[in-house]
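Okay, structure first, notes after.
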Amino acid sequence: MGFLVTTLIFVVIGVIACLCTRICCNRGPSTNLFHLTLVITATVCCWMMWAIVYLAQMNPLIVPILSEGE
Amino acid sequence: MADNGGCCPPMDLFRSEPMHLVQLILPVDSAHLAVAYLGDLALIQFKDLNSDKSPFQRTYATQIKRCGEMARKLRFFRDQMLKAGMTPITRSASEGDLDVDSLEAKLGELEAELIELNANSNKLQRGYSELVEFKLVLQKAGEFFQSALSSAEARQREIGSAQAREESLETPLLEEQEMGTDQSKQVKLGFISGLVPKAKSLSFERILFRATRGNVYLKQAVVEHPVTDPVSGEKVEKNVFAVFFSGEKAKNKILKICEAFGANRYSFSEDISKQAQMITEVSGRITELKTTIDIGSLQRDNLLKTIGEDYERWNILVRREKSIYHTLNMLSIDVTKKCLVAEGWSPIFATKQIQDALQRATLDSNSQVGGIFRVLHTKESPPTYFKTNKFTSSFQEIVDAYGIAKYQEANPGVYTIVTFPFLFAVMFGDWGHGICLLLATLYFLVMEKKFSSKKLGDIMEMTFGGRYVILMMSLFSIYTGLIYNEFFSVPFELFSPSAYGCRDPSCGDSTTMGLIKVRDTYPFGVDPAWHGTRSELPYLNSLKMKMSILLGVAQMNLGIILSFFNAKFFGSAVNIWFQFIPQIIFLNSLFGYLSVLIIIKWITGSKADLYHVMIYMFLGPTDDLGENQLFSGQKTTQLVLLLLAFVSVPWMLLPKPFILKAQHNVRQNGQSYIPLQDTDESLQVETAHDPHAHAEFEFSEVFVHQLIHTIEFVLGAVSNTASYLRLWALSLAHSELSSVFYEKVLLLAWGYNNIFILIIGAIVFICATVGVLLVMETLSAFLHALRLHWVEFQNKFYEGDGYKFYPFSFALVSEEEE
């Protein structure tokens, strides 16, 4: 699974979550916008965290060196 | 005020509710009811229009005094009930028709009755304890006489047989004395008997001895059970004493000493037969008194019980009355004394409800004239009111603890709901610990109904109040724990096999050269192969440090973008062009560029030294980059970015004060009309607070303010970015601690192959995990996340100089009193 595929998965999950909140708790435009903001922020945060860790491991400059004991 | 961009509806919680200052004119006869209805509504904050008057000069001072008196009576009842071991029944009493005047009369009656009952029972109790003491003295001192008599008889027999002398047995103790001392002196001895507290008995004896120069004879007997002291009503350990003395002088001295020691004296006859008679007499009286006391206390208990049934209802009513009169005292009274004028802040959406309440009050009090509702226009800044629910309120409190938002400014609380638990979780990434936290908070959520009505301890109350914050924190820590691939510091190959493998089948150089990447990158989170390797720490440190920078730059950019929304909302073009734009350029040309370099380095796998790049970007921007070149045209890009950063500093500093001055001059001269969106908000607020300040414009002050602001931002860009490194430090500390507990405690204990050691090891592991990781680490990660939000995020846009909306509300009144 490449970077783009997983990113797409994040996008899809984000969209689904947005739709869920929209359908489950539809309480007027102001509240819906508020929920949308929360879901988007959360998705972006989670995606950033994952993307950073994934990118950092794509081309590792150092590799795992096992300890002597093992 | 302009609305939020126009394209979308205003977002909940993003801006505080629009408020207006309203004036209510209430006829005197319906004012009380109207205020009561408004208190139920809890959507208006009354202004004190009589702040120059002392509490005694106000219109309804007497009524408040009456309420205070009633509250005092209720407190008295409460104390009495607590003393009697009863608790007021907290049932939701039916709101029966209860008039304040009749309540006042009733409370007065009840109080008088209770006081009388108390006085009676005190009197009886005192008599009762006196009798009990008297009985004790009779018994114990009687024993002295008895034993003295028998010993005297025995001696007499001896003496009688030897000397054949007849002696009276009437004064046996006298005889004993005589035998002991001098036979020739025959004086009539008197005696005093009573009870003295055991603690004082030794010194009592000593003082008696000294005062009479040894010419007394004291006998004491310990009373086994503590006795109720008639005066204080407390249980005290006491001794029965009998002092024998001779002479009137000695008697006076002894009486004084008794007085000083709080010794209760009881006199009785020396005659033994009379003593026995007295004992039966006293016993009879004691039983009599006892039944009387029992009847009295039963009566008292019944009275308290009836009070207890209505106590809560009365208490609420009195509090309500008191708060209503307090509010009425804040209204100014008309010259004709026919109506009261109220001013207060209320949210615009509540207009209809307030008008309804006024109408109902008019109808219900049969008033001829209705209350008048009017909106006033003012330049004063309204209070800040966020409509929060039980989920958002605890996050809003995190923001409010720093400072209440200025009226209608962008509320960081919206983003805090996500970013706060997220940053917490970056420092607390372990999905095992996250699940523990989740279970704890789920317990709170399940017990929510039960806990919210109960009074909890300080720490419990705080944890319970923040249960939704903790819920979010635990969910995010489970997520970040999966990313860090740590479950109590143990990694799992959950998503695919590790990307790393041996270089050759023998795996010989895995401890020297290391493994090699043989598969695709591990798809989700940190590769489990890193765990326990020698290169784990350098690798994770570099990863987490860079992650902290990236997250920090992202959050700071969000903060600056929010300042753009603020400027746009308040229609301040100056703030957009001369604050927002240079700020975002400055931050991104330095640290945004650093973030881009980090990402490029990861993608290309370049070995460039980023420290070197950043440092020489300043020291030698024209130098050749050499092997630190990450992309073509890097030198030019860096030169441009450096130039932009240098330009943006004076851009932030210089134009704004001059433009403000020009705007002020134009307004002052009144030569031309200035549309609202061109005026600066900060200036507007300043003038709103004090209309007289309008005339003055201290250019130097404005300039210095801008200078400070600019320096703060420029230096802050560096220090705040560095400050985000705490994310790395805390997360490192967390994972190291948990791996120490796992390896040095649990695995070590496992290695002994002994069930006892294993159990002890497991207990130590659990205690350390709960105590250090789940409690202490949660606290420290919470505090660091708090700081990152308060300082690094909010100083980009948040003024926080508003004041909170405190509506007049009965619900709040009763909470405060608790």
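Values as computed for the structure displayed
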quantity	calculated
By average C-beta atoms within 10 angstrom, highest first, the peptides B:253-266, B:727-740	B:727-740, B:253-266
Paramagnetic reach from A:Glu68 (point 7 Å along Cα→Cβ, amide N under 13 Å) across the range B:503-521	B:511-512
DSSP-assigned coil residues among trypsin sites (Lys or Arg not before Pro) in the range B:283-352, each with at most 14 further Cβ atoms within 10 Å	B:Lys337, B:Lys338
Zone residues, the range B:547-572, relative to B:Leu630, backbone N less than 20 Å from point 7 Å out along Cα-to-Cβ	B:547-558
Over the range A:1-56: Kirkwood hydrodynamic radius from C-alpha pairwise inverse distances, Å	12.0
Pairs from B:Lys83/B:Lys238; B:Lys47/B:Lys106; B:Lys53/B:Lys454 whose Cα-Cα separation, in the structure shown, is over 28 Å	B:Lys47/B:Lys106; B:Lys53/B:Lys454
FRET efficiency estimate (nearest 0.05) - Cβ-Cβ, B:Ser453 to B:Thr637, R0 51 angstrom	0.25
Residues in the range B:113-139 reached by a label modelled at B:Asp301 [backbone nitrogen below 12 Å; 7 Å Cα→Cβ]	none
Accessible solvent surface per residue of the range B:234-295, calculated while the other protein chains remain in place, 1.4 angstrom probe, Å²	59
Length released on extending from B:Leu748 to B:Asp101, taking residue separation times 0.36 nm less the Cα-Cα span	225.3 nm
Extension gain, B:Leu715 back to B:Val28 (0.36 nm per residue minus Cα-Cα distance, nm)	241.3 nm
Per residue accessible area of the range B:698-812, 1.4 Å probe, in Å²	53
Hull volume in cubic angstrom per residue (convex hull over the Cα atoms of the range B:339-442)	159
With 10 Å bins from 0: P(r) over the protein assembly as shown, alpha-carbon pairs, percent	2, 8, 13, 14, 13, 11, 10, 9, 8, 6, 4, 2, 1, 0, 0
Unsatisfied cross-links (Cα-Cα over 20 Å) in the set B:Lys379/B:Lys796; B:Lys219/B:Lys256; B:Lys123/B:Lys253; B:Lys140/B:Lys198; B:Lys607/B:Lys635; B:Lys322/B:Lys450	B:Lys379/B:Lys796; B:Lys123/B:Lys253; B:Lys322/B:Lys450
Rounded FRET efficiency, nearest 0.05, which uses the C-beta distance separating B:Ser267 from B:Arg157 and R0 of 30 Å	0.45
Contact surface A-B: accessible area buried, both sides summed, square angstrom, 1.4 angstrom probe	4200
Cα centroid separation, the range B:17-34 to chain A (Å)	51
Estimated FRET transfer efficiency (A:Thr7, B:Cys502; beta-carbon r; R0 25 Å; 0.05)	0.20
Within 10 Å of each Cβ in A:38-49, the average number of Cβ atoms from other chains	6
For chain A, accessible area per residue (1.4 Å probe, heavy atoms of protein chains only), Å²	53
Among B:Ser700, B:Phe261, B:Leu748 - extreme Cα towards positive end, dipole of the protein assembly as shown, charges at beta-carbon	B:Phe261
Structure-based [θ]222 nm, the protein assembly as shown - -39500 (n - 2.57) summed over DSSP H runs of at least 4, per residue, nearest 500	-19500 deg cm²/dmol
The range B:438-490: trypsin sites (Lys or Arg not before Pro) falling in loop per DSSP and having at most 14 other Cβ within 10 Å	B:Lys454, B:Lys455
Residue among B:Phe134, B:Cys339, B:Ala811 farthest towards the positive dipole end of chain B, charges placed on Cβ	B:Phe134
Two-site label geometry, B:Leu21 and B:Asn795: point separation in nm, points 7 Å out along Cα→Cβ	3.5
Simple spin-label estimate for B:Val666 and B:Ser283 in nanometres, 7 Å along Cα-Cβ	10.8
Alpha carbon convex hull of the range B:471-569, projected area averaged over orientations, nm²	9.0
5 angstrom amide H check on B:His20, placed H, neighbours 5+ away	B:Ser346, B:Ile348
Phi to ³J(HN,Hα) by Karplus 6.51 cos²θ - 1.76 cosθ + 1.60 over the range B:772-786, Hz, x for Gly, Pro	7, 7, 7, 9, 5, 5, 4, 4, 6, 5, 4, 5, 5, 5, 4
Full-stretch length increase - B:Asp520, B:Phe391 - with 0.36 nm per residue and alpha-carbon distance subtracted	42.3 nm
Convex hull volume per residue for chain B, taking Cα atoms only, in Å³	336
10 Å Cβ neighbours from other chains, averaged over peptide B:529-537	4
Karplus (6.51, -1.76, 1.60) ³J(HN,Hα), θ = phi - 60°, over the range B:44-52, in Hz, Gly and Pro reported as x	9, 10, 6, 9, 7, 8, 10, 4, 7
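The values are calculated or read from the model by the stated rules, or taken from the named source; none is laboratory data. Remember, predicted model here, so these are calculated numbers, not experimental data. Backbone-built Cβ (ideal geometry, glycine too); neighbour counts: all protein chains shown. Heavy atoms of the whole protein, side chains included, go into the accessibility calculation; ligands, DNA and RNA do not. Shrake-Rupley method; radii C 1.70, N 1.55, O 1.52, S 1.80 Å.
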